[in-house]
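The values are calculated or read from the model by the stated rules, or taken from the named source; none is laboratory data. Predicted, not measured: the structure shown is a model, and the values here were computed from it. Note: ideal-geometry Cβ built from the backbone for every residue, glycine included; neighbour counts use all protein chains shown.
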Amino acid sequence: MELKYPALSLPLALLFWGWQSEMLPLAAVILILAILSLKTPWRWEMGMAEFHRVGDLATVLFGFAIVYFYSTDGDTPPIYQILRWLPVLSSPLLFGQIYSMGQLLPLSSLFYSMRRYANPSKLDIRLPYAFLCILSAGSGNPDDQSYYIGVTAFVLWVLWFNRPKRQPLIVWLLCFALAVILGYGIQTGHVKLQAEAEEWAADWFTAWEPDPFKARTAIGDRGNLKLSSRVLLKVYSDQPLHHPLLLKEATYDRYSDQHWYVSNALFLPYTPSQQNGPYQITVLHLLAQHSVLLAMPSGMSGVDGPWQNDLLRNRLGTIKWMETPPVTRYRVAYDPNVKDSTGPTTFDTQLPQETSEMLAPLARDLNLRRLQPEQAVATIADFFATHFAYSLDLGKPRNSGEALRDFLYRRHAGHCEYFATATTLLLRTAAIPARYVVGYSVQEFDWDGKAYLVRKRHAHAWTEAYVNGAWQTLDNTPTRWAEEEAKADPWWQPVADVWSSWAIAIKVWRWERGQHPQQGFPWWGWLMLPLGVWLGWRLYRSRKKVANPLSTDPSSRLPDQPKDLEYSRLEQKILASGHPPRNPGETPLRWLRRLGLEIHEQEVLEFYRRRYGGE
Amino acid sequence: MNEELQRARNTLQRLASNLGQVMKGQEVAIRHLLAAFASGGHILLEDVPGTGKTTLAKALALSCRADFQRVQFTPDLLPSDILGVSVLEPASREFRFMPGPIFCHILLADEINRASPRTQSALLEAMAESQVSIERRHYVLESPFFVVATQNPVEFHGTYPLPEAELDRFALRLSLGYVNEELEVSIISAQQLSHPLQSLQACVGLDDIRQLQSFVQTITVPEVIKRYIVSIVRATREVEGVRLGASPRAALTLMKCAQGLTLLDGFDFVTPDSIQEIAIPAIVHRLSLDHQARFGGLRPESVVEAILAKTPVPV
């Protein structure tokens with residue numbers, strides 16, 4: 001059963017949409033045009049082709065809305081923008097119906113697949129359009145309950161006029177009230193559930209995002225470690241890089257129970273210097289987060305980016321940028337030979353008691369305490385290089401407290417976090433200040449060779465040791481690590497890379513457009529212009545077509561000149577008196593009856609007798 | 001010629017007015033039924049229960065003193081229940097054929113789609129050739145032989161839809177439909193004391209019907225009209241969404257029914273108006289639409305209407 005259209009549904013829905021999505025002027029324009037259709041007697045004589053053209057216009061508008069909203073970077077996601085504009089985009093369908101003679105819209109103007117049928121079903125678009133307005137009003141989403149109340153009121157209004165006559169009113173009202181209460185419960189419950197789920201998911205996924213205060217290592221965590229190949233950074237360099245370039249994101253100085261922390265590390269406002277260095281790279285940061293840690297090569301001398309005094313830095317050199325855009329590009333000048341010489345603190349040599357006991361036998365074997373710092377560093381590097389292998393597959397999960405012992409004394413295999421943590425801790429047993437550093441290793445070329453790609457699986461950890469009055473970078477992870485990680489890539493990774501590089505290009509393009517709003521005539525206007533001209537021309541042509549049957553030259557339109565002279569004269573006489581011509585599929589008798597010219601029936605019957613009776 | 005025309009037309013008009021006494025407000029259905037009856041075709045009445053299908057068939061039989069039989073089709077009905085069966089005569093110790101209800105002039109096959117396809121097909125030969133073959137013997141059915149089958153278009157549980165071959169045997173598919181409020185009141189008032197069928201008198205004899213049927217065949221169908229019929233029928237095979245168009249038998253039936261209709265109007269030649277009037281009931285039940293078209297809202301009636309609207313009338 002079709003829903004009846006209750007009076008005022010359309011104005012109410014339009015006003016509600018205008019109020020909720022803050023589009024009142026547009027809603028008023030549509031409303032006035034809709035009301036005008038009731039006040040004016042004139043209508044378009046719309047055939048099937050014209051209705052299809054109206055449907056096409058709505059489709060084209062929709063297409064342009066998609067292109068436009070996806071090419072500009074507003075505050076709200078494009079999908080909400082499109083939803084918000086839906087009543088405007090589909091208004092041609094509404095006007096096509098209410099200004100046409102038939103007052104109904106053929107379904108074929110909405111569905112291409114139905115256009116081949118001569119007589120498709122028809123639809124009163126007003127109620128669907130009103131519901132579309134209500135749906136669209138949801139994109140406004142003020143925090144109060146006005147939307148739910150409005151929707152309930154509207155649905156009540158529509159259903160009131162369509163309520164079943166067989167049921168008592170009280171039953172109907174109770175059912176409606178139950179639906180409203182259930183709907184409200186489900187809606188709020190759903191919102192809460194989503195919030196919980198988002199929080200939980202955020203906890204889960206951010207386990208691998210660097211936290212400037214605390215690094216939760218995956219030591220002893222999982223049997224098998226696998227990181228995704230998602231591209232996080234793109235690094236452009238004018239000159240070949242020192243392979244592999246390590247980009248430092250965060251530095252930690254205190255170890256406790258598989259975690260690294262930053263001691264006494266307040267983030268203070270930081271204004272970076274813009275000095276030049278012998279090397280320069282541009283980093284394209286693709287992480288959409290509220291704040292990011294800037295990945296910096298060691299020996300950084302200057303950095304330039306689109307920030308405005310909202311950079312923060314802690315005493316270990318970790319730089320944080322608050323309120324980042326989804327795409328960030330910054331330029332770093334650095335000299336790998338310049339070392340950071342700010343002195344170590346007492347935190348850099350501290351070891352927890354049990355860790356110290358655990359490492360003591362090894363430190364004794366390696367004779368670390370009696371060696372000079374340089375010698376100790378070399379001994380540790382040599383120890384890991386000769387006895388250890390890189391592995392992501394660590395068998396069954398270990399008791400987390402025992403994982404490091406297992407790595408050092410039994411398994412002799414692990415991933416970068418094991419190597420970096422073990423190196424840092426061993427150095428500390430030799431009383432050499434050392435810190436744990438996380439960041440990325442830049443080593444893979446983009447498919448077109450123009451930039452370096454840094455994937456999530458390029459995340460790396462290493463050690464900085466204070467030797468000879470400066471912080472030296474020590475990376476004891478076997479150099480094969482990146483190859484091992486890359487082995488886990490699926491076979492379609494190159495295709496995925498090409499795809500993601502396009503996606504990144506579009507993301508960057510959208511963001512940069514958002515940064516520099518264009519002045520003057522917008523680029524899409526040039527696309528719209530020829531289309532508008534074309535549509536206008538089509539409309540103009542179709543107007544002429546409609547006007548054609550009213551012209552007074554009948555001879556040009558008759559499919560077949562009658563062979564009977566008398567009938568031919570009768571036909572000419574009728575046409576000359578201003579009557580419309582006979583349709584090709586219409587018999588002469590039916591034509592007369594349609595025109596109300598029954599007085600000529602006898603003449604036509606005589607003609608029949610001559611023509612078909614064989615007289 | 002004119003005398004014969006007058007007599008045949010009289011027969012038809014008397015039948016029409018006799019039926020009109022019983023079936024109020026069904027002038028169009030009566031016209032079409034008589035057109036099929038006069039041209040020797042059978043009809044399929046598709047309608048909801050209680051609209052007067054059985055009354056119409058009975059009234060026709062009563063009006064022409066025809067032998068009337070009614071078979072209620074059920075899923076367990078067997079072909080022998082319709083055609084007849086040979087039984088052993090104890091005295092002569094021979095098999096004697098006991099003719100079934102099909103040996104009549106007017107057969108009402110009520111709810112034909114409730115019987116199994118096997119039983120439905122027992123009607124095929126009788127309808128097409130007016131003869132019945134049982135146990136290698138042929139029995140010719142007495143003329144006139146006229147089948148009125150009914151089916152309920154609403155209920156489909158436990159039914160066997162008629163196959164296309166069987167549907168093609170029916171000249172016309174008609175539906176009576178509900179009459180308007182005033183008429184409905186007058187119908188129940190008229191039947192308050194007695195059924196109109198009880199007072200219905202025969203108005204023509206079986207010989208009149210035979211003469212009528214043979215006269216209808218002689219009604220002129222000019223070449224242009226034959227071409228017009230064929231172009232309408234052929235057009236149904238080219239419509240997108242139509243899986244199975246109308247057969248040449250449809251063209252033949254369309255011509256014959258138009259002959260009957262034109263006689264009712266007093267002409268001795270077929271006019272394009274009678275073709276247009278009878279085209280929908282003669283063609284729609286033979287069209288089979290594909291699923292997509294059906295769900296897209298296409299109906300056989302609108303297919304034929306569109307074809308009639310665009311096929312040029314020969315003038």
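A quick yes/no check of all residues on (1) polar (S, T, N, Q); (2) closer than 27 Å to B:HIS285 by Cβ; (3) touching a residue at least 12 places away in the same chain (Cβ under 8 Å):
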site: B:ALA165; (1), (2), (3): no, yes, yes
site: B:ARG173; (1), (2), (3): no, yes, yes
site: B:GLU182; (1), (2), (3): no, no, no
site: B:GLN191; (1), (2), (3): yes, no, no
site: B:LEU200; (1), (2), (3): no, no, yes
site: B:LEU206; (1), (2), (3): no, no, yes
site: B:ILE209; (1), (2), (3): no, yes, yes
site: B:GLN217; (1), (2), (3): yes, yes, yes
site: B:THR220; (1), (2), (3): yes, no, yes
Residues of the range A:103-136 satisfying the condition of being aliphatic (A, V, I, L, M), without any contact (Cβ under 8 Å) to a residue 40 or more places away in the chain and out of contact with any strand residue (DSSP E or B) (no Cβ under 6 Å at 6 or more places or on another chain): A:MET114, A:ALA118
Any pair with Cβ under 9 angstrom, 6 or more apart, that starts in the range A:265-278 at a residue that is surrounded by fewer than 16 Cβ atoms within 10 Å (Cβ to Cβ) and ends at one that is of a type in the set (Phe, Trp, Tyr): A:PRO278/A:TYR334
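Any chance the range B:105-114 includes a residue that's free of Cβ contacts under 8 Å to residues at least 40 places away in the same chain and in a helix (DSSP H, G or I)? Break it down stepwise before answering.
Start the filter on the range B:105-114 by keeping residues that are free of Cβ contacts under 8 Å to residues at least 40 places away in the same chain, which leaves none.
Looking for residues that are free of Cβ contacts under 8 Å to residues at least 40 places away in the same chain and in a helix (DSSP H, G or I), one finds none in the range B:105-114, hence no.
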Sole exception among (1) hydroxyl-bearing (Ser, Thr, Tyr); (2) touching a Phe, Trp or Tyr at 6+ places or on another chain (Cβ under 7 Å); (3) in a loop (DSSP other than H, G, I, E, B) for A:SER501, by number: (3)
Tally time: how many residues in the range A:584-615 are more than 7 Å from chain B (Cβ to nearest Cβ) and either free of Cβ contacts under 8 Å to residues at least 24 places away in the same chain or touching a helix residue (DSSP H, G or I) at 6+ places or on another chain (Cβ under 6 Å) (or both)? 18
Please pick out the residue among B:GLU89, B:GLU94, B:GLU111, B:GLU129 that is touching a Phe, Trp or Tyr at 6+ places or on another chain (Cβ under 9 Å) and surrounded by fewer than 14 Cβ atoms within 10 Å (Cβ to Cβ). B:GLU89
I'd like to check which helices (runs of 4 or more DSSP H) are fully inside the range B:202-302 and have at least 3 residues that are within 30 Å of B:LEU19 (Cα to Cα). B:206-216, B:248-264, B:272-283
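So how many residues does the range A:400-410 have that are under 43 Å from the mean Cα position of the chain (by Cα) and modelled with pLDDT of 85 or more? Explain how you work it out, then say what you get.
The initial filter retains those residues of the range A:400-410 that are under 43 Å from the mean Cα position of the chain (by Cα), namely A:400-401, A:403-404, A:407.
Next, from what is left, pick out any that are modelled with pLDDT of 85 or more: A:407.
Counting residues in the range A:400-410 that are under 43 Å from the mean Cα position of the chain (by Cα) and modelled with pLDDT of 85 or more gives 1.
Quick check on this structure: which one of A:VAL54, A:VAL29 is within 22 Å of A:LEU529 (Cα to Cα), in the same structural domain as A:ASP124 (by TED's automatic domain parsing), among the β-branched types (Val, Ile, Thr) and part of a helix (DSSP H, G or I)?
Just a single option satisfies the conditions, and that option is A:VAL54.
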When the range A:484-506 is examined, which residues are found to be exposed (fewer than 11 other Cβ atoms within 10 Å of the Cβ) and under 30 Å from A:THR251 (Cβ atoms)? A:LYS487
Read through the list (1) crowded, with 18+ Cβ neighbours inside 10 Å; (2) more than 14 Å from chain B (Cβ to nearest Cβ); (3) over 26 Å from the mean Cα position of the chain (by Cα); (4) not in a helix (DSSP H, G or I), then give the number of the only condition that A:PRO120 fails. (2)
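Working only within the range B:21-51, note down all residues that are part of a helix (DSSP H, G or I) and either at pLDDT below 90 or of a type in the set (D, E, K, R) (or both). Write out each step before concluding.
In the first step, residues of the range B:21-51 are kept if they are part of a helix (DSSP H, G or I); the result is B:21-22, B:27-38.
The answer is B:GLN21, B:VAL22, B:GLU27, B:ARG31.
State yes or no: is A:THR473 in contact (Cβ under 8 Å) with a residue 24 or more places away in the chain, closer than 20 Å to A:ALA413 by Cα and among the hydroxyl-bearing types (Ser, Thr, Tyr)? Steps first, answer last, please.
Numbers: in contact (Cβ under 8 Å) with a residue 24 or more places away in the chain: yes; closer than 20 Å to A:ALA413 by Cα: no; among the hydroxyl-bearing types (Ser, Thr, Tyr): yes.
No.
Results for (1) on the phi > 0 side of the Ramachandran plot; (2) at pLDDT below 80; (3) in contact with a helix residue (DSSP H, G or I) (Cβ under 9 Å, 6 or more places away or on another chain), shown as yes or no for each residue.
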residue: A:VAL283; (1), (2), (3): no, no, no
residue: A:LEU286; (1), (2), (3): no, yes, yes
residue: A:HIS290; (1), (2), (3): no, yes, no
residue: A:PRO306; (1), (2), (3): no, yes, yes
residue: A:ASN314; (1), (2), (3): no, no, no
residue: A:GLU323; (1), (2), (3): yes, yes, no
residue: A:PRO326; (1), (2), (3): no, yes, yes
residue: A:THR349; (1), (2), (3): no, no, yes
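From the set of residues in the range B:259-297 that are polar (S, T, N, Q) and either free of Cβ contacts under 8 Å to residues at least 12 places away in the same chain or surrounded by 20 or more Cβ atoms within 10 Å (Cβ to Cβ) (or both), which is farthest from the other protein chains (Cβ to nearest Cβ)?
Looking only at the range B:259-297, we keep the residues that are polar (S, T, N, Q), and these are B:259, B:262, B:271, B:274, B:276, B:288, B:292.
So of that shortlist, the ones also either free of Cβ contacts under 8 Å to residues at least 12 places away in the same chain or surrounded by 20 or more Cβ atoms within 10 Å (Cβ to Cβ) (or both) come out as B:259, B:262, B:271, B:274, B:276.
Working: B:GLN259: 12, B:THR262: 9, B:THR271: 5, B:SER274: 9, B:GLN276: 6 Å.
That would be B:GLN259.
With out of contact with any Asp or Glu (no Cβ under 9 Å at 6 or more places or on another chain), at pLDDT 90 or above and crowded, with 17+ Cβ neighbours inside 10 Å as the only criterion, which of A:ILE30, A:ILE98 stands out? Give the derivation first.
On the way: A:ILE98 fails: at pLDDT 90 or above.
Exactly one residue qualifies, and that residue is A:ILE30.
In the range A:310-332, how many residues are among the aromatic types (Phe, Trp, Tyr) and closer than 22 Å to A:ASP253 by Cα? Full working, then the answer.
Initially, the range A:310-332 is screened for residues among the aromatic types (Phe, Trp, Tyr), giving A:321, A:330.
Going one step further and asking which of them are closer than 22 Å to A:ASP253 by Cα, we end up with A:321.
Residues that pass the stated criteria total 1.
When only residues in the range A:562-614 that are in a helix (DSSP H, G or I) and polar (S, T, N, Q) count, which is farthest from the chain's Cα centre (by Cα)?
Of the range A:562-614, the ones in a helix (DSSP H, G or I) are A:565-576, A:588-595, A:598-612.
Next cut, polar (S, T, N, Q) only: A:568, A:572, A:602.
Working: A:SER568: 69, A:GLN572: 67, A:GLN602: 74 Å.
Across the range A:562-614, the extreme among qualifying residues is A:GLN602.
Criterion first (over 20 Å from B:ALA282 (Cα atoms), modelled with pLDDT of 90 or more, touching an Asp or Glu at 6+ places or on another chain (Cβ under 9 Å) and surrounded by 22 or more Cβ atoms within 10 Å (Cβ to Cβ)) does B:PHE103 satisfy it?
On the way: over 20 Å from B:ALA282 (Cα atoms): yes; modelled with pLDDT of 90 or more: yes; touching an Asp or Glu at 6+ places or on another chain (Cβ under 9 Å): yes; surrounded by 22 or more Cβ atoms within 10 Å (Cβ to Cβ): no.
Here the answer is no, as B:PHE103 does not meet what is asked.
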Which is under 22 Å from A:SER356 (Cα atoms), hydroxyl-bearing (Ser, Thr, Tyr) and surrounded by 16 or more Cβ atoms within 10 Å (Cβ to Cβ), of A:TYR436, A:TYR452, A:TYR440? A:TYR436
Mind checking which pairs have a first residue in the range B:298-314 that is more than 7 Å from every other protein chain (Cβ to nearest Cβ) and a second that is of a type in the set (Ser, Thr, Tyr), Cβ under 6 Å, 6 or more apart or different chains? B:PRO314/B:TYR228
Within the range A:411-429, which residues are surrounded by fewer than 24 Cβ atoms within 10 Å (Cβ to Cβ) and either at pLDDT below 85 or not in a helix (DSSP H, G or I) (or both)? A:ARG411, A:HIS412, A:ALA413
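Which residues, taken from the range A:47-67, are among the acidic types (Asp, Glu) and under 19 Å from A:MET101 (Cβ atoms)? Steps first, please.
Start the filter on the range A:47-67 by keeping residues that are among the acidic types (Asp, Glu), which leaves A:50, A:56.
The answer is A:GLU50, and nothing else.
Among B:GLU223, B:GLU181, which is farther than 23 Å from B:LEU33 by Cα and within 14 Å of chain A (Cβ to nearest Cβ)?
Numbers: B:GLU181 fails: within 14 Å of chain A (Cβ to nearest Cβ).
Answer to the check: B:GLU223.
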Mind listing just one residue for me: the one in the range B:230-242 that is in contact (Cβ under 8 Å) with a residue 12 or more places away in the chain and either small (Gly, Ala, Ser) or within 14 Å of chain A (Cβ to nearest Cβ) (or both) and, of those, surrounded by the fewest Cβ atoms within 10 Å (Cβ to Cβ)? B:GLU240
